[in-house]
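K.L.:
I am attaching a structure below and will ask some questions about it afterwards.
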Amino acid sequence: MPGNPLSRLRIALTVFFALDGFIFAGWVVRIPAIKEQTNASASALGLALLGVSAGAVLTMMLTGRLCRRYGTHPVTVICGILLSLSIALPPLTHSALTLGAVLFLFGMAYGGINVAFNSAAVDLVRALHRPIMSSFHAAFSLGGMIGAGLGALVAGVLSPTRHLVGLTAVGLLVTLFAGRTLLRIQPPAPSDNAPQPSQSAPRKETAPRRLNTRTRGLVITFGLIALCTAYGEGAMADWSALHLEQDLDASPGIAAVGYSCFALAMTIGRLTGTRLLERLGQTRTLVAGGTTAAIGMLLGALAPSLWAALLGFVITGLGLANLFPVAVERAGTLAGPDGVAIASTLGYGGMLLGPPAIGFMADWFSLPAALTSVAALAATAAVIGFVTRRAAER
């Protein structure tokens, strides 16, 4: 790795973001097989998938306190180990109840590592004085794209058990490699005069504020944007493959490619996020992204053909790409790990609501109709970004 400690830290954090996306996507593409294995209905599967988000949300605030006490780097490494171990558990289950229980454990590790490495990334963004937060989330999306693509390739060859146990081995090896670097580097101290990384114009930056009423209100506002965004990301992860396979008669391999297309679009959108924020600013990025995602999801959910649905997934990915990174980075800048924890908790609350809500709506109406709720919440994120633009600028 490069000799500059901040460069090595950036690479190590990027690896952990990518690993998180890779492992999560590996689970996502095997959901149809696990559904068949457990003989679960759509609503029962939705309740089981609730375990991931429930575990994540219940762990996030605790992780913020652990990061303050022990540091973001050790907590990231420990959660990486737990995440890698827990991914092997879902294919060992044979009922929706036990599936929900093991997904709760997986969600705890998933939520913990997200707060820890996002907090570490916020510290690095402020130390480098560069708007690079979207690049970390691009690594997550790239990892998801690779994980989904690999899952599509092995879906007809390997059983879910062999596939996910393989992900455990990969996860532990990557954590060993990147974790050694992370544990050797102290988190960078923020500068008192760092320019604001997520805005187009530079301005004075101070240390994270205490959570007074005004600061908490701003953090919660960005958390609501994260909630609307995470709802959409969770819906694509949990239901896109099933939608293509069940409603558009796609094969299991092609159905898995649907999430890969979404993840690729997210990756491209986030890799260009720094330039987009510099050109448009935060408010325009949020409004344009939410609007684009809403249009794309309407197409993805209601299109009568497979290829039109895949195009809708791509447009949705481009629209959602930078909403969550902007929301979490701003919350972290305002209030440190506590801000990241609050925004992330609200954000993954969207995932908490998404799986059962879409599952029940799919039973009541249809899965395509249920997926239009993603478009509604993406539009809501755009409205929140526009309405709160003055408070966010101040």
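K.L.:
Within segment 352-360, does at least one residue satisfy the condition of being without any contact (Cβ under 8 Å) to a residue 60 or more places away in the chain, β-branched (V, I, T) and in a helix (DSSP H, G or I)?
P.N.:
No, the conditions are met nowhere in segment 352-360.
K.L.:
I need the full set of residues from segment 300-309 which are without any contact (Cβ under 8 Å) to a residue 60 or more places away in the chain and either touching a Ser or Thr at 6+ places or on another chain (Cβ under 8 Å) or not hydrophobic (A, V, I, L, M, F, W, C) (or both), in order please.
P.N.:
Listed by number, the residues that qualify are P304, S305.
K.L.:
Something else about it: I'm trying to understand the selection: among the residues of segment 310-319, which are crowded, with 24+ Cβ neighbours inside 10 Å, in contact (Cβ under 8 Å) with a residue 24 or more places away in the chain and either not hydroxyl-bearing (S, T, Y) or not in a helix (DSSP H, G or I) (or both)?
P.N.:
Result: F313, G317, G319.
K.L.:
Would you check if there is a residue in segment 82-96 being surrounded by 24 or more Cβ atoms within 10 Å (Cβ to Cβ), touching an Asp or Glu at 6+ places or on another chain (Cβ under 8 Å) and either in a helix (DSSP H, G or I) or at pLDDT below 95 (or both)?
P.N.:
Yes, some residue in segment 82-96 is surrounded by 24 or more Cβ atoms within 10 Å (Cβ to Cβ), touching an Asp or Glu at 6+ places or on another chain (Cβ under 8 Å) and either in a helix (DSSP H, G or I) or at pLDDT below 95 (or both).
K.L.:
Can you pull out every residue in segment 248-264 that is touching a residue at least 60 places away in the same chain (Cβ under 8 Å) and crowded, with 19+ Cβ neighbours inside 10 Å?
P.N.:
The answer is L248, A255, A256, V257, Y259, S260, A263, L264.
K.L.:
Let me ask something additional. Out of (1) touching a Lys or Arg at 6+ places or on another chain (Cβ under 8 Å); (2) under 26 Å from L264 (Cα atoms), the odd one out for V29 is which?
P.N.:
With respect to (1) touching a Lys or Arg at 6+ places or on another chain (Cβ under 8 Å); (2) under 26 Å from L264 (Cα atoms), V29 is out only on (1).
K.L.:
Output the number of residues of segment 340-352 satisfying the condition of being modelled with pLDDT under 85 and in contact with a Phe, Trp or Tyr (Cβ under 8 Å, 6 or more places away or on another chain).
P.N.:
3
Residue by residue, here is whether (1) at pLDDT below 90; (2) buried (at least 22 other Cβ atoms within 10 Å of the Cβ) holds:
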{"residue": "T98", "(1), (2)": "no, no"}
{"residue": "L105", "(1), (2)": "no, no"}
{"residue": "G111", "(1), (2)": "no, yes"}
{"residue": "A121", "(1), (2)": "no, yes"}
{"residue": "L128", "(1), (2)": "yes, no"}
{"residue": "P160", "(1), (2)": "yes, yes"}
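The values are calculated or read from the model by the stated rules, or taken from the named source; none is laboratory data. Treat the numbers as computed from the prediction; the structure is a model and nothing was measured. For neighbour counting, all protein chains shown are included, and Cβ atoms are generated from backbone atoms with ideal geometry for every residue, glycine included.
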